[in-house]
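First up is the structure itself, then whatever we jot down about it.
The values are calculated or read from the model by the stated rules, or taken from the named source; none is laboratory data. The model shown is predicted, which means the values in this text are computed figures rather than measured ones. For neighbour counting, all protein chains shown are included, and Cβ atoms are generated from backbone atoms with ideal geometry for every residue, glycine included.
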Amino acid sequence: MSRLDRRFAGYCFDLDGTLYLGDTLLPGAAEVVQSIRDGGARVVFVTNKPLFTAADYAAKLTDLGIPASAADLVTALDSTILYMARHHAGATVLPVAEPLVSDVLKENGFRVTTDPAAADVVLASFDRTFDYAKLEAAYRAIKLHGAVLIGTNPDQYCPTPEGGLPDCAAMLAAIEACTGARAEAVLGKPSRYMADSALARLGVPASDAVLVGDRLATDITMAKNAGMSAVIAVATGAYALSFGALSVTAGLSVLETCALSLLMFTGASQFAFIGVVGAGGNAWAGAATAALLGSRNALYGVRLSSLLDLRRWRLPVSAHFVIDETTAMAIAREAPADSRYAFWATAIALFCLWNLGTLIGALATHALPDPKVLGLDAAPPAAFLALLAPRLRAREPRAVALAAGLIALVALPFVPTGVPLLIVAAAVLLYGIRPR
């Protein structure tokens, strides 16, 4: 990857779900961060997960291929300490949290207690040891002795490869339910205290900083409230450039290429269609392949229909925007209003970027017919392999992928273009539904 132009003086990157998932670095993450650093910009990493120290996160990033030091990390505990120092200096705190939170409080001059009668503040956090005894202590401190409630972060769940873990919001909800109290403050992203901590670490004004994250409710909201720029969907536009180029190369006109993006708006199916047509297959084989890949959107639609609770004209319009990304953003929210906001915000951003990228890619290739000159012909297989690689760590997925490749190779000389993919998909489906 070539060095990026210096667009901002400071960059904030979310960790879980943006740079890595679990212990797996996401494709291209290390190269992007290094390119930004090579351009002379400052980079910090922000996380709402208060389970590890800044040094722990720095070591993890370094091991994954992104060199970092503790000074490069801003955690939810940084914003919590900033808030506590301003509003509850010298307070005695009863933590509903894991031991690290108590250690950080003590290091910053706060007294820590397990006695509800002595507590001025109950601090709730992401706590994998949360139990009834902790809930009862928090109840007594707040209900009987007047302590205030504060949360380290608002996250409902923490993303993991296994599907996620209950986060701080779950502990806060339990305490609020039994005490009738509301948290005085919930720190971490998107609070202003988290933004202030990150900007102080960057040493740049908000107008010259950008936050890159994966959640509208925390990452993008924090950036907006603090006056920072935000990035959540730029990669979609870049990927669309490749589709526009390859579609024109496959024999479609610029108008036909743009019509596919406007009317289909599902990247995998569009790439499948032009892949079949470009290899000499007929339109019916291309359409069948595209329909097979797009069938998952029908299942998404069933789930989103009840979640979004849309009526009248909004229902058929929303169906056009049901794809992987909009579904993921919508189901990650608890309140229906938040789900609808996340769905439409993601849909509009992606739709605009996808169609703009398609148009630019198609026009560029129309002027320069050979996409290999631009390197765009390599983008779809490279992106596919990058997405596939992290899922092939276990023996069974590797065996299934190898068998699928062999089936396609055997079938290729004997059936029309595009049909090997259908055969492979049917074989994998039969394997997936077999009795176990």
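Which members of the stretch 344-356 meet the condition of being hydrophobic (A, V, I, L, M, F, W, C) and under 18 Å from Lys224 (Cα atoms)?
Trp344, Ala345, Ile348, Ala349
Working only within the stretch 30-47, note down all residues that are of a type outside the set (Ser, Thr, Tyr) and in contact with a helix residue (DSSP H, G or I) (Cβ under 8 Å, 6 or more places away or on another chain).
Ala30, Arg42, Val43, Val44, Phe45, Val46, listed by residue number.
Quick check: is even one residue across the stretch 129-149 of a type in the set (D, E, K, R) and under 24 Å from Thr47 (Cα atoms)?
no
Return a yes/no flag: does the stretch 18-28 have any residue that is among the hydrophobic types (A, V, I, L, M, F, W, C), surrounded by fewer than 20 Cβ atoms within 10 Å (Cβ to Cβ) and within 28 Å of Thr129 (Cα to Cα).
The answer is yes, given that some residue of the stretch 18-28 is among the hydrophobic types (A, V, I, L, M, F, W, C), surrounded by fewer than 20 Cβ atoms within 10 Å (Cβ to Cβ) and within 28 Å of Thr129 (Cα to Cα).
With the requirement that a residue be assigned to a helix (DSSP H, G or I) and free of Cβ contacts under 8 Å to residues at least 12 places away in the same chain, what does the stretch 61-85 give you?
Thr62, Asp63
Does Lys189 count as within 24 Å of Ser69 (Cα to Cα) and either out of contact with any helix residue (DSSP H, G or I) (no Cβ under 6 Å at 6 or more places or on another chain) or not hydroxyl-bearing (Ser, Thr, Tyr) (or both)?
The answer is yes for Lys189.
Among (1) modelled with pLDDT of 90 or more; (2) part of a loop (DSSP other than H, G, I, E, B), there is one condition Ala177 misses while meeting the rest; what is its number?
The single condition Ala177 does not satisfy is (2).
Go through the stretch 189-220 and give me each residue that's crowded, with 22+ Cβ neighbours inside 10 Å, among the small types (Gly, Ala, Ser) and more than 12 Å from Val43 (Cα to Cα).
Matches in the stretch 189-220: Ser191, Ala195, Ser197, Gly213.
Sort through Leu77, Leu64, Leu51 and tell me the only one that's surrounded by 22 or more Cβ atoms within 10 Å (Cβ to Cβ) and not polar (S, T, N, Q).
That would be Leu77, the only listed residue that is surrounded by 22 or more Cβ atoms within 10 Å (Cβ to Cβ) and not polar (S, T, N, Q).
Exactly one condition in (1) of a type outside the set (S, T, N, Q); (2) part of a helix (DSSP H, G or I); (3) modelled with pLDDT under 70 is not met by Val302; state its number.
Tallying (1) of a type outside the set (S, T, N, Q); (2) part of a helix (DSSP H, G or I); (3) modelled with pLDDT under 70, Val302 fails exactly one: (3).
Can you go through Ala89, Ala117 and tell me which one is free of Cβ contacts under 8 Å to residues at least 60 places away in the same chain, surrounded by fewer than 17 Cβ atoms within 10 Å (Cβ to Cβ) and outside any helix (DSSP H, G or I)?
Going through Ala89, Ala117 in turn, the sole match is Ala89.
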